[in-house]
Amino acid sequence: MRLFVTGGTGFVGSHLTRHALALGHEVLSLSRRSAAPAPRLETLAAPIGAPPWDRIARFRPEVLIHTAWEATPGVYLESTENAKWVDWSEALVEGAIEQGIRRIVVLGTCIEYPITGLPLPETLDPAPVSLYARSKDELHQRLTRRLTGTDTALVWARLFYPYGPGEHPSRLCSSLVRRLRSRERITLKTPHSTKDYIHVDDVGRALLTLASQGASQTVNIGTGTGTTVLELAQRIAGLMGRTDLVGWDEPPAPDPLHHVVADASRLRSMGWAPQVKLEEGLWGLIRTLD
């Protein structure tokens with residue numbers, strides 16, 4: 001495939017690009033910064049709001065995979081930039097259609113869903129609370145209206161909780177590793193909060209699966225397995241020999257996102273399955289942060 005990937009140097013996009021190249025695909029990467037040169041990879045350093053369409057046209061992409069968005073921890077959930085990303089993304093897809101691209105994969109978010117305490121199927125009606133989640137849902141609605149009845153397929157990929165090498169240092173797993181390495185005592189405020197943690201390599205493989213098959217649909221990208229924050233912290237601490245440094249509040253603080261786990265059966269039915277076990281993925285992350 002000839003893939004046009006936005007956010008190609010970002011956390012998810014860089015791993016997606018690496019897997020795509022390893023499988024022999026050709027990739028055009030659009031990002032705010034250039035990537036290291038590689039065979040079958042062309043990079044464009046340009047803002048998402050002003051893609052160089054003449055160069056994109058010369059590449060002749062077959063599939064757009066849109067991973068770019070504001071995702072800085074502590075900022076993205078209520079950032080006013082989210083509204084701009086909706087408009088930029090809609091314009092990007094419109095430009096892709098004009099280029100003849102007939103398959104578009106866009107990253108949504110698991111927190112578009114209402115939190116039910118059960119595995120979340122794609123059939124649930126969205127109930128986004130944060131500005132980030134509302135903006136993702138708004139983009140999904142706009143693109144669905146635009147593409148319904150056309151020959152362009154839209155795959156809306158709701159991503160759960162990715163972790164792994166290259167993640168922002170303030171994301172939970174990396175933050176825990178750094179604090180434990182500094183021998184800082186950690187007190188977990190929401191130890192029983194349960195999330196679906198998926199290694200970023202498995203996310204990349206999932207996106208390639210979605211780029212290659214199926215009609216317009218919403219698909220969860222998650223493992224289907226929930227892990228509490230306490231279990232996660234204890235696993236990391238165990239691997240680092242720092243179990244004495246992990247404690248938790250009782251009673252725990254309220255958590256509006258107390259149980260966010262995917263029903264991943266739709267993705268699994270396409271032949272995908274997670275390949276990186278949690279402990280293996282955490283150990284790999286720890287080693288990259290040495």
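The values are calculated or read from the model by the stated rules, or taken from the named source; none is laboratory data. Treat the numbers as computed from the prediction; the structure is a model and nothing was measured. Positions of Cβ are backbone-derived with ideal geometry, glycine not excepted, and every protein chain shown enters the neighbour counts.
Structure notes:
- Where residue 132 falls short, out of the listed (1) touching a Leu at 6+ places or on another chain (Cβ under 7 Å); (2) in a loop (DSSP other than H, G, I, E, B): (2)
- Of all the residues in segment 200-219, those that are more than 22 Å from residue 14 (Cβ to Cβ) and touching a strand residue (DSSP E or B) at 6+ places or on another chain (Cβ under 9 Å) number 5.
- Condition check for residue 20: within 18 Å of residue 132 (Cα to Cα) and either within 18 Å of the chain's Cα centre (by Cα) or touching a residue at least 24 places away in the same chain (Cβ under 8 Å) (or both): no
- Of residues in segment 141-161 being polar (S, T, N, Q) and either surrounded by 17 or more Cβ atoms within 10 Å (Cβ to Cβ) or part of a helix (DSSP H, G or I) (or both), the one farthest from the chain's Cα centre (by Cα): 152
- Qualifying residue in segment 30-37 (condition: of a type in the set (D, E, K, R), at pLDDT 95 or above and surrounded by fewer than 21 Cβ atoms within 10 Å (Cβ to Cβ)): no
- Among the criteria (1) touching a His at 6+ places or on another chain (Cβ under 7 Å); (2) buried (at least 17 other Cβ atoms within 10 Å of the Cβ), the one residue 9 does not fulfil is (1).
- Qualifying residue in segment 24-34 (condition: touching a residue at least 60 places away in the same chain (Cβ under 8 Å), under 21 Å from residue 153 (Cα atoms) and touching a Gly at 6+ places or on another chain (Cβ under 9 Å)): no
- Of all residues making up segment 104-122, the number that are part of a loop (DSSP other than H, G, I, E, B) and surrounded by 16 or more Cβ atoms within 10 Å (Cβ to Cβ): 4
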